[in-house]
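A.B. asks: The following block contains the structure, expressed as structure tokens.
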Amino acid sequence: MFINTHTGLFTHTGVFTLGARADSYYEYLLKQWIQGGKKETQLLEDYIAGIEGIKRHLLHKSEPRKLTFVGELTHGRFSAKMDHLVCFLPGTLALGAHHGLPAEHMELAQALMDTCYQMNRQMETGLSPEIVHFNLYPQTTQKDVQVKPADRHNLLRPETVESLFYLYRCTGDRKYQDWGWEILQSFNTYTRVPSGGFSSISNVQDPRNPQPRDKMESFFLGETLKYLYLLSSPTTRTCSAWTPTCFNTPRLTPCPSGPLPRAGWLPSGCCPGV
């Protein structure tokens, strides 16, 4: 989404994406509705309308494995391009289904979660690139997930493991824990710096030389490792026991301490360890 700072009007209105510059809008429609005590119905209506629009215009399946993915629409032309950022969507859909939205939202969440896992799994390092393109035509020699040279970097982003956390807590299926463990092992193998810390890498397709960038984004500590910890930590708590209204910038996360005031500040003791 682009907004002209002089007029306040949207620009680039022919581009529809759930990737960069648009992803958080759809995510926070649902989460703000929950955080506000489910009173602001306009937020929920806009969220549901957005999901229906995604299903109608952006949802496709790849070849040969029929992976469900969310593409982009540019002035009426479909592109089989999907940013890793879009992998927030499985977790958001699962959260919505937990709060009474249609069961088909959970089905779509699980299908997209499989796709996001394959975006990691089909790379030689086991780590997703920043952007992928999906193969739309049956070709036995081609993988579903294609990567252009300019897009094969990994910035240690959290979206896939965040959604794995939601899906595990909502379904209890341990495969989501296993997938998170695989990704953590890949981070340790290909991005960990011997002197301390982790680094973004420039090439997820070259396990011999992933080309560290000497840069670690703050969201790696604030989100990626947080969700990996929560995904793997011993717990008997399931999705039904959450009060997912604890706002931990920049993600709304489950909070066992009770709902927040609508202003969104954190009371003492909220979200221990999160």
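A.B. asks: So what's the convex hull volume per residue for the Cα atoms of the chain, in Å³? Walk me through the numbers on the way to the answer.
C.D. replies: Values: hull volume 42.3 nm³, N = 274.
So the per-residue Cα hull volume is 154 Å³.
A.B. asks: If you don't mind, there's one more thing I want to ask. Taking Lys55 as the anchor, which lysines have their alpha carbon closer than 30 Å to its alpha carbon, excluding any fewer than eight residues away along the same chain?
C.D. replies: Lys31, Lys38, Lys39, Lys66, Lys81, Lys143, Lys148, Lys175
A.B. asks: In addition: Expressed in nm to one decimal, what extension gain is obtained for the pair Thr5 and Asp173 from 0.36 nm per residue of sequence separation less their Cα-Cα distance?
C.D. replies: Here the answer is 55.9 nm.
A.B. asks: Work through the residues other than His84 whose Cβ is under 12 Å from its Cβ and net out their charges, Lys, Arg +1 and Asp, Glu -1. All intermediate terms of the calculation are to be shown ahead of the outcome.
C.D. replies: Values: positive: Lys81, Arg152, Arg157; negative: Asp23, Asp83, Glu130, Asp151, Glu159, Glu162.
Neighbour charge sum, excluding His84 itself: -3.
A.B. asks: Could you tell me how far the Cα centroid of region 11-47 sits from the Cα centroid of region 136-160, in Å?
C.D. replies: Cα centroid of region 136-160 versus Cα centroid of region 11-47: 26 Å apart.
A.B. asks: Further question on the same structure: Show that you can apply the helix-only estimate: for the chain, add -39,500 (n - 2.57) for every DSSP H stretch of four or more residues, divide by all residues, and state [θ] at 222 nm to the nearest 500. Walk me through the intermediate numbers first.
C.D. replies: Details: 7 runs with 96 residues, N = 274.
Dividing the helical sum by the residues of the chain leaves -11000 deg cm²/dmol.
A.B. asks: While we're looking at this one, here's another question. At 1.4 Å probe size, with the rest of the protein present, what percent of the exposed accessible area of the chain is carbon and sulfur atoms?
C.D. replies: Values: 7010 of 13300 Å².
The computed percentage sits at 53.
A.B. asks: With a 1.4 Å probe and all protein chains left in place, how much accessible area per residue does region 91-241 have, in Å²?
C.D. replies: Details: 6920 Å² over 151 residues.
Normalised by residue count, the accessible surface of region 91-241 is 46 Å².
A.B. asks: Residue farthest toward the positive end of the dipole of the chain, with Cβ of Lys/Arg at +1 and Asp/Glu at -1: which of Ser218, His153, Gln142?
C.D. replies: Of the options given, the answer is Ser218.
A.B. asks: Rg(Cα) of region 5-98 divided by 2.2 N^0.38 Å?
C.D. replies: Working: Rg = 14.4 Å, N = 94, 2.2 N^0.38 = 12.4 Å.
Relative to the 2.2 N^0.38 Å estimate, region 5-98 comes out at 1.17.
A.B. asks: Within 14 Å, Cβ to Cβ, of Gly50, how many net charges do the neighbouring residues add up to if Lys/Arg are +1 and Asp/Glu are -1?
C.D. replies: After counting each charged neighbour, the total is -2.
A.B. asks: Estimate the FRET efficiency between Glu104 and Ser79 by the formula 1/(1 + (r/R0)^6), using the beta-carbon distance for r and 22 Å for R0, to the nearest 0.05. All intermediate terms of the calculation are to be shown ahead of the outcome.
C.D. replies: Working: r = 25 Å, r/R0 = 1.13.
Efficiency for this residue pair is about 0.30.
A.B. asks: Students sometimes get this wrong: rank Lys55, Lys61 by accessible area, probe 1.4 Å, all chains present, largest first. Could the numbers behind the result be given before it?
C.D. replies: Details: Lys55 65, Lys61 120 Å².
From most accessible down to least: Lys61, Lys55.
A.B. asks: How far apart, in nanometres, would the label points at Ser24 and Arg213 be if each is projected 7 angstrom from Cα along the Cα-to-Cβ direction?
C.D. replies: Placing both labels 7 Å beyond Cα along the Cβ direction yields 1.8 nm.
The values are calculated or read from the model by the stated rules, or taken from the named source; none is laboratory data. Just so it is clear, the model here is predicted, and its values are computed rather than measured. Note that we place each Cβ from the backbone using ideal geometry, even for glycine, and neighbour counts take in every protein chain shown. Heavy atoms of the whole protein, side chains included, go into the accessibility calculation; ligands, DNA and RNA do not. Shrake-Rupley method; radii C 1.70, N 1.55, O 1.52, S 1.80 Å.
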